[in-house]
1. Going through region 207-237, which trypsin sites (Lys or Arg not before Pro) have at most 16 other Cβ atoms within 10 Å and a DSSP loop state?
2. So for region 34-167: antiparallel DSSP bridges make up what percent, rounded to the nearest 5?
3. If packing is taken as the average number of other Cβ atoms within 10 Å across a peptide's residues, how do 292-302, 59-69, 194-204 rank, most packed first?
4. Percent antiparallel among DSSP beta bridges with both residues in the chain, to the nearest 5?
5. Is the C-alpha gyration tensor of the chain telling us rounded, prolate or oblate? Criteria: a/c under 1.5 is rounded; beyond that, a/b larger than b/c is prolate, otherwise oblate.
6. Under the definition of Cα pairs under 8 Å and six or more residues apart, what whole-number percent is the relative contact order of the chain?
7. Given R₀ = 22 Å, FRET efficiency for THR225-GLU199 by Cβ-Cβ distance, to 0.05?
8. For the chain, what is the mean residue ellipticity at 222 nm derived from helices alone (per DSSP H run of n ≥ 4: -39500 (n - 2.57); sum divided by total residues; nearest 500 deg cm²/dmol)?
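Since every read-out is calculated from the coordinates, none of them should be taken as a lab result. Computed from a predicted model, the values in this text were never measured in an experiment. Quick reminder, even Gly has a Cβ in these numbers, built from the backbone with ideal geometry, and neighbours come from all protein chains shown.
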Amino acid sequence: MTNNANRYDVIIIGGGPAGLTAGLYTSRAKLNSLLIEKGLVGGQISTAEKVDNYPGFPDGIDGFELTDLMHRQATKYGLKTVIAEVTGVELQQKQIAVKTTEGDHIAGAAIIASGSDRQKLGIPGEQEFTGKGVAYCATCDAAFFRDVPVAVVGGGNAAITEALHLIKFASKITMIHRRNQLRASAILQEKAFSEPKIEFIWDTVVEEIEGEDTVKRVGLHNVKTDEKYTMEIAGIFIAVGLKPNTDYLKGILKLDAGGYIATNSKMETEVPGIFAAGDVRRNSARQAITAAGDGATAAFYAEKFLAE
Ligand SMILES: Cc1cc2nc3c(=O)[nH]c(=O)nc-3n(C[C@H](O)[C@H](O)[C@H](O)COP(=O)(O)OP(=O)(O)OC[C@H]3O[C@@H](n4cnc5c(N)ncnc54)[C@H](O)[C@@H]3O)c2cc1C
């Protein structure tokens with residue numbers, strides 16, 4: 001049951017750069033705004049040890065500090081935050097009901113900013129060395145691997161794009177793929193095959209990641225020959241897919257085959273009053289700054305929607 005205490009002008013789902021920026025804009029517009037976050041406020045970027053490509057920080061900034069500053073800035077203007085997992089969204093006449101593990105809330109508009117998670121390999125050492133040699137985003141982290149050998153796991157467009165991005169930094173890039181051919185587009189494959197720094201290991205899965213303070217080697221298993229061996233590397237980029245956090249929206253929004261939300265350039269979804277911003281959106285560039293930009297746009301048009 002919702003009561004007046006649970007009624008807001010805008011509810012924002014997800015406390016990453018998209019949600020925090022949306023919250024800053026809606027709060028500054030004097031809209032009664034609630035941000036709901038299921039884990040730690042800050043989203044994916046808060047796990048990045050150093051963010052070098054967020055404008056305004058010429059010496060880079062710790063990801064946690066960056067989102068902590070964003071949260072403090074939005075809270076200063078009145079954004080309220082609750083820690084709870086959103087389990088469903090429903091339309092109730094002209095209102096949007098947001099169901100959470102800690103009770104329900106109602107608003108005139110909602111901004112979906114629940115991001116996406118990198119698919120994990122789920123192998124020993126992966127979690128332990130995340131941020132210490134295990135990485136999921138070459139655009140974000142390639143510069144930390146200058147003149148050292150790295151591996152890229154995966155065989156699709158994302159994996160090849162990661163490998164091509166690493167050419168400028170790493171001394172050698174070994175692509176490890178569980179099949180004997182790539183799934184990436186022909187043009188990307190052509191680029192990768194013609195690049196002398198990139199080597200391929202086929203029919204092989206990574207079974208464990210080992211190191212001391214940082215990654216030193218991976219344990220490999222050739223699934224065709226059953227051979228098992230180790231390879232020395234300083235970093236491993238895992239690019240085996242992304243999973244948008246949209247399961248709780250099934251039945252209310254149409255999701256594409258990958259689970260992403262389609263929006264127009266105003267961040268409007270097909271349901272009036274429901275906006276989407278950041279990594280959760282189809283064709284997002286999946287960067288902190290683009291997520292923040294989406295959040296500002298969604299808030300701007302949510303305000304106009306409520307005024308109408
Ligand atoms: C290790 C790492 C390093 C990175 N480094 C960089 C970098 O250097 N530069 C850069 O630009 N980008 C970087 N990125 C990418 C960047 O983090 C993302 O593009 C950005 O965080 C996306 O912001 P977002 O707000 O859309 O989503 P997210 O950051 O994913 O935030 C979504 C939030 O929603 C919450 N949520 C999900 N489901 C629910 C639910 N049902 N109920 C309530 N809350 C929910 C999540 O807990 C999360 O906090 C990095 C990513 C990773 C993983």
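1. Numbers: sites: LYS216, ARG217, LYS224, LYS228; in loops: LYS224.
Filter output for region 207-237: LYS224.
2. Details: 12 of 17 bridges.
Percent antiparallel among DSSP bridges in region 34-167 is about 70.
3. Details: 292-302: 24.3, 59-69: 16.8, 194-204: 15.3.
Highest-to-lowest ranking by the protection proxy: 292-302, 59-69, 194-204.
4. Values: 29 of 63 bridges.
Of all bridge pairs located within the chain, approximately 45 percent are antiparallel.
5. Numbers: a/c = 2.30, a/b = 2.00, b/c = 1.15.
Judged from the Cα gyration tensor, the chain comes out prolate (a/c at least 1.5, a/b above b/c).
6. Details: 723 pairs, mean separation 63.8, N = 308.
Reported as a whole number, the value is 21 percent.
7. On the way: r = 18 Å, r/R0 = 0.81.
Calculated value: 0.80.
8. Working: 6 runs with 68 residues, N = 308.
Roughly -6500 deg cm²/dmol at 222 nm, from the helical runs in the chain.
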